[in-house]
Amino acid sequence: MRHGGKGLTDRLNVITGATGLLGSHIAEHLRLRGERVRALVRPTSDTTFLKQLGVELVTGDLTKPAGLPGILDGADVVYHCAARVGDWGPWRVFQREIIDATANLLGACHAVGVGRVLHVSSIIVYGHPHLGDACFTEDEPLGQNLWLWDHYCRAKVRAEELCRQYLGELTIVRPSWIYGPRDRTTLPRLLKALDAGRVAIIGRGDNLLNIVYAGDVAEGAIRAANHPRAKGQAYNLSSEGEITQQDFLDLLVEELERPRIRRRVSYRLAYWGGFLSEVIGRMIRLRRPPHLTRYAVALVGRPTRFSIAKAREHLGWQPRIGVVEGLRRTLEWYRKDYLNRDHERAAFPTAVLASRLGGRTT
């Protein structure tokens with residue numbers, strides 16, 4: 001690396017998407033290591049946590065490339081975590097916030113000669129392959145069996161193609177379903193559905209989930225960004241299947257002191273129900289995702305196993321925080337932080353969670 005002789009306190013890490021789930025955990029881990037962190041943030045971003053960490057904040061926009069070189073100059077590592085996440089929205093948004101943003105960032109990184117780029121992709125880049133009993137490795141083709149309106153997957157595949165064309169040092173990581181403190185997207189959506197009585201066991205419920213704690217993924221990303229062997233490589237950062245869908249939902253409702261979920265829906269019926277919801281949502285130009293989508297069905301109901309053998313061998317990485325401990329930490333964060341945000345209270349089952357965790361709501 002260009003700045004390889006620097007001590008930890010002199011190394012500069014630039015993070016895009018640092019106010020998000022994974023980006024905030026990477027920032028936290030780097031600051032605990034004593035490294036300098038600069039975060040590229042939007043003017044409207046909530047930067048409270050980053051300020052507490054002592055992160056240098058720079059306002060900017062990945063869709064406006066002119067100002068990026070000055071922000072990245074001197075960076076030893078750039079962690080590209082920012083992206084449009086989710087399964088809903090028009091293609092132009094995914095094009096702008098994933099593909100164009102990545103192209104702009106890579107161009108600026110090359111212009112100033114940063115040491116290493118760590119690009120955060122997703123296991124969604126594999127598409128929807130027919131999975132057998134074996135674990136899915138990084139050598140599998142990308143974009144298999146894509147769906148209609150599969151904008152997120154297509155955009156992430158294209159972003160990886162741009163990364164492959166980058167002339168400097170670059171490493172790709174592909175996390176699976178990430179959860180943990182500061183998750184304001186996936187688990188809130190699940191908990192709201194639970195509160196509304198919309199959750200059911202999809203299929204037999206014995207499929208293994210690739211759910212992985214955000215702090216573990218952050219550690220893997222940092223290892224990948226600094227290991228000489230990781231140059232030009234891609235790594236799955238996932239659980240290889242610690243818990244089944246049934247056991248995860250049982251654990252969740254137990255933590256919330258709710259009755260066990262008894263209702264079951266076949267995977268096929270849930271999939272086509274999600275597709276119908278998407279069709280109706282697009283017809284009425286729904287801005288938020290429908291309550292049921294094919295992506296949500298697949299996230300919980302499909303059999304998915306992704307190999308982390310390469311990350312274990314190259315980086316010495318594997319998940320350390322189990323689901324029981326990780327979920328406890330996550331729910332505790334919701335009680336202390338998420339539920340105290342007045343503008344979010346109405347959209348969250350506050351009474352249930354607060355009563356379970358000893359908090360108070362008004």
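Taken together, the values in this text are just the output of simple stated rules run on the coordinates, not laboratory data. As the structure is a prediction and not an experimental result, all values here were calculated from the model. Here the Cβ positions follow ideal geometry from the backbone for every residue, glycine too, while neighbour counts run over all protein chains shown.
The slack between R287 and W91, meaning 0.36 nm per residue of separation minus the straight C-alpha distance, is 69.2 nm.
Sorted by average packing, counted as other Cβ atoms within 10 angstrom per residue and highest first, what order do 324-336, 23-35, 206-218 take? Could the numbers behind the result be given before it?
Numbers: 324-336: 16.9, 23-35: 20.5, 206-218: 22.4.
Result, highest mean first: 206-218, 23-35, 324-336.
In percent, rounded to a whole number, the relative contact order of the chain is 17, using alpha-carbon pairs under 8 Å and six or more apart. 3J(HN,Hα) couplings calculated from phi for the range 248-265 with the Karplus curve 6.51 cos²θ - 1.76 cosθ + 1.60 (θ = phi - 60°) are, in sequence order, 5, 5, 4, 5, 5, 5, 5, 5, 8, 6, 10, x, 4, 7, 9, 5, 10, 9 Hz; Gly and Pro show x.
How big, on average over all directions, is the shadow cast by the Cα convex hull of the range 213-307, in nm²?
Working: hull surface 36.7 nm².
Across all orientations, the range 213-307 yields a mean hull projection of 9.2 nm².
Principal axis extents of the C-alpha atoms in the range 167-267 (largest first, rounded to whole Å): 52, 27, 20.
Extension gain for K231-A196 works out to 8.0 nm (0.36 nm per residue, less the C-alpha to C-alpha distance).
Note on D73 and R329: with the Förster distance fixed at 35 Å, the Cβ-Cβ geometry gives a FRET efficiency of about 0.45.
For the range 132-202, state the average projected area of the convex hull of the C-alpha atoms over all orientations, rounded to one decimal in nm².
8.0 nm²
What ranking, highest mean first, results for peptides 298-308, 41-51 when packing means the other Cβ atoms within 10 Å averaged over each residue? Don't jump to the answer; show the numbers that get you there.
Details: 298-308: 20.3, 41-51: 14.0.
Per-residue mean Cβ counts within 10 Å order the peptides as 298-308, 41-51.
Centre-to-centre, using Cα atoms only, the range 263-327 and the range 62-96 are separated by 24 Å. Against the chain, whose longest principal axis comes from its Cα atoms, helix 267-283 is set at around 70 degrees. Derived scalar couplings between HN and Hα for the range 28-41 equal 4, 5, 5, 5, 5, 7, x, 8, 6, 10, 10, 10, 8, 10 Hz in order, rounded to whole Hz, by the Karplus curve 6.51 cos²θ - 1.76 cosθ + 1.60 (θ = phi - 60°), x for Gly and Pro.
Please compute the alpha carbon radius of gyration of the range 65-135, then divide it by the globular-protein estimate 2.2 N^0.38 Å. Two decimals is fine.
After normalising by residue count via 2.2 N^0.38 Å, the value is 1.38.
Given R₀ = 35 Å, what would the calculated FRET efficiency be for R264 paired with C135, taking r from the Cβ atoms and rounding to 0.05?
0.85
Measuring how big the chain is from its alpha-carbon positions, Rg and Dmax come out at 20.1, 59 Å.
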